[in-house]
Amino acid sequence: MRRTPSRRLFAAVLLVASVLTPTMAASATAATPAATAVRLASVDRHNHDDCPSHGLGRDLTARLDKAVADVRKQAAIPGVAVGLWMPGKGCYVRATGVADKVTRQPMSTDFFSRIGSETKTFTVTALLQLVDERRIGLDDPVARYVHGVPNGRHITLRHLAEMRSGLFPYSADAGFAHDLLSDPTRTFTPRELLAYGYKHRNTAAPGKVFVYNNSNLVLLGLVIEKVTGHHIADVIDRRVLRPAHLDQTLFPDGPNVREFPEPHAHGYTNQTLTGAVADSTDWNPSWGWSAGAMISTMHDLRSWAKTVATGELLSPETQKQRLKVLPTEFPGLDYGLGIFETGGWIGHNGSIPGYESVTVYLPALKATLVVLINTDITTGGQEPSTLLARAITQIATPGHVYDGSTPTR
């Protein structure tokens, strides 16, 4: 299925969860259908075979089934879709739980899902392609392309991509949180989003402190538009999605900003003014724009994991720059240019009201992990997708445990 994004792709980003309402949902979901194995419908662009019938073996599969079930119960996750591919060993592809808490429709590995901040990997890939073409430089000041950025003459494109700009995050502004949650159907423009952050003083000098910040990626989206003369959604579609053969990935935009292809799961969040759990399936994702509002499927994300981690769309030198990760204040997590490394796994996660995702690649074993869930409600301060990825890798790749509690909120 080819979904061509319309003009500007308002991408839904990373969440504002901790900034908004930290209340966790108290009730667990009712009993749900047992996990079912689902084979992917086709071979991906890297010529991987579909999931073999033997999976990862009876013992390992049973242990993974239990781990996923335990985390789903612990974190009250309605539905989970997991794909783990390990060349030479097999794979584990499972959907468990429900996609809709009202109808009890089962979760599926074939659904479209909002991928939140995984959008950053697409935006930065498009940016780095312009670096390869010498149309921009990573150490160019953002002020060369976008006017009005506080300290923009000293903040470089590299600072933005590596989350070390020192800008105040717009999603941390109380007024923004109130405006968004008062009307989740509202459409925001990129300039409106940035204005929330510009009301505050910068938090640090450029290059000094890692602060996960959606403002950085919204600015990079504007830079890409300025340099190419095209809307960011169209740039990503033409330069990234098509070359990568990602036919089930899109960046909603313009009059179709709330477009969400079927089939998809309902999403559940407690990021509301009262902290009550709400169905956020059709919330407007424009507030995230190029920082994280894209939509994809497990099949496409499986392919994208290797593409982005190995730099297939970039020159070796530019990919080397991308993977030059630096420590963050989050133990076990290093961050590069719109990409992270944790336990040897390279990729990104995403969180947006009602949905979370993890898409990572492990070069040491040429393994790929994709996790998609339909809630963003935290448990003990931990994102449910992180709990799942950690539990899965502790069993399947004990020497390479996904242990980064990434700040997608």
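The values are calculated or read from the model by the stated rules, or taken from the named source; none is laboratory data. Computed from a predicted structure; not experimentally measured. Every residue, glycine among them, receives a Cβ derived from its backbone with ideal geometry; neighbour counts consider all protein chains shown.
Screening Phe210 on (1) under 20 Å from Ser117 (Cα atoms); (2) touching a helix residue (DSSP H, G or I) at 6+ places or on another chain (Cβ under 9 Å) shows it passes everything except condition (2).
Any residue in segment 291-309 that is outside any helix (DSSP H, G or I) and at pLDDT below 95? Yes, the conditions are met somewhere in segment 291-309. Within segment 357-395, can you find the residues that are among the hydrophobic types (A, V, I, L, M, F, W, C) and out of contact with any strand residue (DSSP E or B) (no Cβ under 6 Å at 6 or more places or on another chain)? Scanning segment 357-395 gives Ala364, Leu365, Ile377, Leu387, Ala391, Ile392, Ile395. Considered as a group, the residues in segment 273-290 that are closer than 17 Å to Tyr355 by Cβ and part of a loop (DSSP other than H, G, I, E, B) include one that is nearest to the chain's Cα centre (by Cα), and that residue is Gly288. Contact map, segment 220-247: residues that are at negative phi and without any contact (Cβ under 8 Å) to a residue 24 or more places away in the chain paired with residues that are buried (at least 16 other Cβ atoms within 10 Å of the Cβ) and not in a loop (DSSP other than H, G, I, E, B), Cβ distance under 8 Å, separation 6+ or inter-chain. Pairs shown: Glu225/Ile232; Glu225/Val235. Put simply, of Thr408, Thr393, Thr375, Thr359 the only residue that is at pLDDT below 95 and not basic (Lys, Arg) is Thr408.
Among the residues making up segment 310-330, those that are β-branched (Val, Ile, Thr) and either assigned to a loop (DSSP other than H, G, I, E, B) or within 29 Å of Cys91 (Cα to Cα) (or both) are Thr310, Val325, Thr328. Beta carbons closer than 9 Å, at least 6 apart along the sequence or on distinct chains, pair a first residue in segment 74-89 that is without any contact (Cβ under 8 Å) to a residue 40 or more places away in the chain with a second that is of a type outside the set (Ser, Thr, Tyr) for Gly88/Leu365; Gly88/Lys366; Lys89/Leu56; Lys89/Gly57; Lys89/Leu60; Lys89/Leu365; Lys89/Ala367; Lys89/Ala396. Residues in segment 195-207 that are of a type outside the set (Phe, Trp, Tyr) and touching a helix residue (DSSP H, G or I) at 6+ places or on another chain (Cβ under 9 Å): Ala195, Gly197, Lys199, His200, Pro206, Gly207. When segment 307-342 is filtered for residues that are β-branched (Val, Ile, Thr) and touching a Leu at 6+ places or on another chain (Cβ under 6 Å), the ones remaining, listed by number, are Thr318, Thr342. Taking Thr103, is it buried (at least 20 other Cβ atoms within 10 Å of the Cβ), among the hydroxyl-bearing types (Ser, Thr, Tyr) and modelled with pLDDT of 95 or more? The answer is no for Thr103. Exactly one residue among Phe122, Phe111 is within 30 Å of Leu222 (Cα to Cα) and among the aromatic types (Phe, Trp, Tyr), and that residue is Phe122.
Only a single criterion out of (1) under 16 Å from Asp139 (Cβ atoms); (2) more than 20 Å from the chain's Cα centre (by Cα) is not satisfied by Leu160, namely (2).
Whether any residue in segment 314-336 is crowded, with 24+ Cβ neighbours inside 10 Å, aliphatic (A, V, I, L, M) and either modelled with pLDDT of 95 or more or touching a Pro at 6+ places or on another chain (Cβ under 7 Å) (or both) is what I want to check. Looking through segment 314-336, none of the residues is crowded, with 24+ Cβ neighbours inside 10 Å, aliphatic (A, V, I, L, M) and either modelled with pLDDT of 95 or more or touching a Pro at 6+ places or on another chain (Cβ under 7 Å) (or both).
Among the numbered conditions (1) touching a Phe, Trp or Tyr at 6+ places or on another chain (Cβ under 9 Å); (2) modelled with pLDDT of 50 or more; (3) of a type outside the set (Ser, Thr, Tyr); (4) within 19 Å of Ile352 (Cβ to Cβ), the only one that Ala95 does not meet is (4).
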